[in-house]
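Reading through the structure tokens given below for one structure.
Readers should treat all values here as calculations from the given coordinates under stated rules, not as data from a laboratory. Keep in mind it's a predicted model, so treat the numbers as computed, not measured. Here the Cβ positions follow ideal geometry from the backbone for every residue, glycine too, while neighbour counts run over all protein chains shown.
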Amino acid sequence: MIKTSKEKILIVDDDQSVISTLSFLLKKNNYIPIAAYTPEQALQFIQEHQPALIIHDMNYSRQTSGAEGMELLANIRKVDADIPVILITAWGSIDLAVAGIKAGANDFINKPWSNQRLLQVVATALELRVNKQSLLKKELNRQVLDQKYQFSSIIGKDEKLLKILTTIGRIAATDASVLILGESGTGKELIANAIHQNSPRKKHPMVKVNLGGIPGSLFESEMFGHVKGAFTDAKSDRIGRFEMADNGTILLDEIGDMDKSSQVKLLRVLQDQTFQAVGSSANRRCNVRIVAATNCDLHHLIAENQFREDLLYRLNLITITLPPLRERRGDIIEIAQHVLTQVCQRYDLETITLTADAQLWLTKQNWPGNIRQLTQTLERAVLINDNDELDVQSFVDSEHISEPKSSSGDAFPVGSMTLEEMEQSMIKQSLVQYSYNLTQVASNLGLTRQALYRRMEKYGIKV
């Protein structure tokens, strides 16, 4: 989705061939290229030409440390704190590119670059700047947002939520990669859907991938596909998830649960959106918008050497952090009433309402499982109770029934179950007890999330 306009773009590089190639490409796509060969000349041209975007290399002499590029970036930020800056780096200098992002660059491209990828990065950076400037002038208002965007599946008027919806409105039309953070059950998939539905890609597929449920040995086949005969069970060609999402959006859910080997393979395809199917030597190209989601602390995982820092900076051009439900209590009743309407429609029931005491009780709960837990609590209360009105006792009764039974004796009498049956039962009980919050379930069982996923897959337990 590359849009172009007569914007001035400053190219800074001491290599004449790079300047010529980029200038030709930009001019062909309706931009106005301006060439600078030294950092000093670049700073002078920023003042004289006021470019809309800057693309610059990291080295301008025989040095390869990137110090000159970092110094130029710092000086650019002193002149203009908001102008988009895209760095040119070699594949082997990813650490340097990450340092540049931390220092204020908007994105980076690798040598040799894909022309399509470069133009996409340029267009995205320019669109984000324009949209940010226009939306900063508007007051946060749910009614105004609903008139302009499709947010019908997202319920609430909390100020934190309105800021998130405003951000979605600002970025949806671009190709910017988005990282959605938040506790389990906060609605990360709903936000991903909203980004897709409000983008020019909405007529194309949105493919959702739960990366925590894909073993490392199957990652390439699942994500990139395979050709017939690539391995023993490959009896026909198979299209991977990236190819399925071509021209659309791919949601990489549970991104924090990937193993390091899979992270490297994902990073490669994110660099230039090309990949090879398993068993094929031909490069395939895909045009996808990347949205990733996780409830993990990725910076903590990076510190523990479990997640690649360069992958994080490929994913989080825009980061959206969802607040837990306990931080937007004013939205709880509106969400609850929306859920009740859906439940009644699903089970063909008459309208069910909440008493004033029940509403107060709902707003006072901490909801560690967030919207997912609230939804399950309401649905369970509707199914357990026969009334057309739910009061506090309705929820107390349904919670009592949902609790796993315990006894003073052995939970599993010797000989009554195999070890596998005991493990399966414990997982199911923990899922109910912790309202399907997989992080808490894994912690309670002494497992990692990846190990929990593998066991759930083994026993056919679906959430």
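Scaling against 2.2 N^0.38 Å puts the C-alpha radius of gyration of the stretch 143-323 at 1.07.
The relative contact order of the chain comes to 12 percent, based on Cα pairs under 8 Å that sit 6 or more residues apart. Axis of helix 370-384 versus longest Cα principal axis of the chain: the two differ by about 30°, to the nearest ten degrees. For the stretch 326-402, the Cβ-based charge dipole about the Cα centre amounts to some 480 debye (Lys, Arg positive; Asp, Glu negative; other atoms uncharged). Structure shown: which of Lys188/Lys265; Lys157/Lys462; Lys163/Lys202; Lys163/Lys265; Lys8/Lys157; Lys228/Lys458 lie over 30 Å apart, alpha-carbon to alpha-carbon? The pairs that break the limit, which is 30 Å between Cα atoms, are Lys157/Lys462; Lys163/Lys265; Lys8/Lys157. Projecting the Cα positions of Thr341, Leu374, Ser394 onto the charge dipole of the stretch 326-402 (unit charges on Cβ atoms of Lys, Arg, Asp and Glu, taken about the Cα centre) puts Leu374 furthest along the positive direction.
For the chain, a crude dipole built from +1 on the beta carbon of Lys and Arg and -1 on the beta carbon of Asp and Glu, taken about the Cα centre, is about 1460 debye to the nearest 20. Bridges between two residues of the chain, per DSSP, are antiparallel at a rate of about 10%. Both radii come from the Cα set of the stretch 1-98: Rg as radius of gyration, Rh as Kirkwood radius; their ratio Rg/Rh reads 0.95.
Rounded to the nearest 10 degrees, the inclination of helix 115-135 to the longest alpha-carbon principal axis of the chain is 70 degrees.
The angle between the Cα long axis of helix 188-197 and the main principal axis of the chain comes to about 50°, on a 0 to 90 degree scale. Between the residues Asn29, Leu360, Gln440, the greatest Cα displacement towards the positive end of the dipole of the chain, with unit charges on the Cβ of Lys, Arg, Asp and Glu, is found for Asn29. Shape analysis of the stretch 419-459 based on the Cα gyration tensor places the equivalent ellipsoid semi-axes at 14, 12, 8 Å, largest first.
Hey, if you put +1 on the Cβ of every Lys and Arg and -1 on every Asp and Glu Cβ in the chain, which of Pro324, Tyr459, Leu119 ends up farthest toward the positive end of that dipole? Result: Leu119. Divided by 2.2 N^0.38 Å, where N counts the residues, the Cα radius of gyration of the chain comes to 1.13. With a cut-off of 17 Å on the backbone N, the residues of the stretch 341-373 near the modelled label site 7 Å out from Ser152 along Cα-Cβ are 341-343, 345-346. Equivalent ellipsoid of the stretch 316-378: semi-axes from √(5λ) of the C-alpha gyration tensor, largest first, are 24, 16, 9 Å.
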